[in-house]
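Read the structure below first, then the notes.
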Amino acid sequence: TRTTLQASIVGAAVASAVGFLLTLLPQEWSVPASAEAVAKGPESVESAQALLDRLRADKVLLYEWKRPGRVLAPTPSELDAFTAGLRSLRGYLGDRDPEQLERARLRLSAARYDVARLEGRYLYLGEIAPRNGWGTYVLDEETPRGLLVEVPAPLDEWATMESGAFLFKVFDARAFSISSGGGRFEETEGPAALSTRRTFFDAFHRVFAA
């Protein structure tokens with residue numbers, strides 16, 4: 001069965017509370033990776049940055065992608081490479097085979113994405129500069145199965161993205177996706193992002209929502 005939570009639906013109810021709750025939990029968001037966690041995979045994907053800090057840094061770019069003409073559709077080859085990389089990551093989460101992770105990184109690089117491990121457990125899929133505005137994606141290595149939290153319209157309400165990140169952690173979800181949208185490719189933003197085909201947001205949904 002499909003287990004998906006759309007942060008945009010609950011954002012209005014929890015966004016104001018989330019900002020307060022996050023101030024009460026600063027250490028939980030920035031726990032340094034243990035030696036055991038760091039040993040999970042290739043050193044090249046490790047990062048000392050906390051998940052929320054990385055999300056907040058990348059959120060600034062969302063405003064740039066809101067400008068008309070800023071976001072373009074991915075090519076079929078880029079979409080295929082991204083989807084293949086996601087499938088390799090899904091396989092890696094199931095068997096923890098380092099070769100699967102390396103294969104995923106190579107395929108995702110063809111789609112101009114890299115993979116960083118944050119807090120010793122979160123695989124953060126971020127775009128390689130120059131960025132195209134095709135979304136941000138997170139996987140929890142310690143939760144190979146479970147909920148997918150989606151944020152199709154991160155700028156429509158205050159703290160919607162932060163609400164999604166909070167729910168991702170609170171519910172021990174396995175995956176978290178944030179649509180960028182905007183520009184002449186604006187049909188990928190908001191509710192339409194959930195039904196538009198041939199986008200990275202849709203590809204992530206198809207691989208990890210079931």
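Just a few scattered comments:
- Counting only helices (runs of 4 or more DSSP H) that sit completely within region 31-123, those holding 2 or more residues that are modelled with pLDDT under 95 and buried (at least 17 other Cβ atoms within 10 Å of the Cβ) correspond to 51-65.
- Residues of region 124-142 that are without any contact (Cβ under 8 Å) to a residue 40 or more places away in the chain and in a loop (DSSP other than H, G, I, E, B): Ile128, Ala129, Pro130, Glu142.
- Per-region count, region 124-163, residues open to solvent by 10 Å² or more (accessible area, probe 1.4 Å), touching a helix residue (DSSP H, G or I) at 6+ places or on another chain (Cβ under 8 Å) and closer than 23 Å to Glu78 by Cα: 4
The values are calculated or read from the model by the stated rules, or taken from the named source; none is laboratory data. In this text, all values refer to a predicted model and were calculated from it rather than measured experimentally. Reconstructed Cβ throughout: ideal geometry from the backbone, glycine too, with neighbour counts over all protein chains shown. When the accessible area is computed, the model is the full protein with side chains, heavy atoms only, and any ligands, DNA or RNA have been set aside. Shrake-Rupley method; radii C 1.70, N 1.55, O 1.52, S 1.80 Å.
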